[in-house]
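Encoded as structure tokens, the structure appears first; notes follow it.
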Amino acid sequence: MNGFNLISLLDLLGTFAFAISGIRLASGKNMDWFGAYVIGLVTAIGGGTTRDVLLDLTAFWILDPSYLLTTAFALLVTLLFREKIMLWGKPLFLFDTIGLGLFTIVGIGKSLEAGLPAWACIMMGTITGSLGGVIRDVLINEVPLLFRRDIYALACIAGGIVFFICQKTGLGSFSELVGAASVILIRMLAVKFHIHLPTLIPEHIRNNSPGDSSEQ
């Protein structure tokens, strides 16, 4: 399988994974089918659309309807297996993490095709992977994962670095798979072992804020 075909496959798999995560989250907001579809679609194409705008390209989904159809298929799967999907252990996290890893590498690959340097490709990969989730969370009135203490965008950056290291060592098309797997693994380990960045305001200062009852 050549690099282009692999990137295309990762792109569609990421679309499906992110669409499922968006639709799954929308189901908890009492949205109708169309609303859930829109949230799933925004989750799937938001980051890539922003990337293409920054690269001065026509948005990818305008040129290829497969992304709209993949999101519709994700909605159909959710409707057919809704009870099982709702009962899966943390399905939203699983699909969001898979989409994050796959889309990060897709963004890096498309940025390489545009002739950008490695650091810019990593940034574009991070935008592709994480921004759709940010837009989704804003639309459904949730605090975006990107702005919480969770290791989210940093997982994209780390996966991008792993990708370019693999490229330098001559792994070829396997670099995409290793890079995506790195993003997924880092994100899953960070959540499992509660690894996160420190908050801006240290805990002891927050606990001793003027509003604290111990100070009154």
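Each reported figure results from applying straightforward, stated rules to the coordinates on display, with no laboratory input. This is a predicted model, so every value here is computed, not measured.
Values as computed for the structure displayed
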quantity: Calculated [θ] (222 nm, deg cm²/dmol) that DSSP helices of n ≥ 4 give over the chain, each run adding -39,500 (n - 2.57); calculated: -24000 deg cm²/dmol
quantity: Under 27 Å between alpha carbons - lysine pairs in the chain that sit 8 or more apart or on different chains; calculated: 6
quantity: Whole-Å distance, taken between Cα centres, linking the stretch 9-79 and the stretch 171-203; calculated: 23 Å
quantity: Which labelled figure in (i) 109; (ii) 154; (iii) 136 is volume of the Cα convex hull per residue in Å³, once derived from the coordinates; calculated: (ii)
quantity: The stretch 101-157: Cα Rg divided by the 2.2 N^0.38 Å rule of thumb; calculated: 1.17
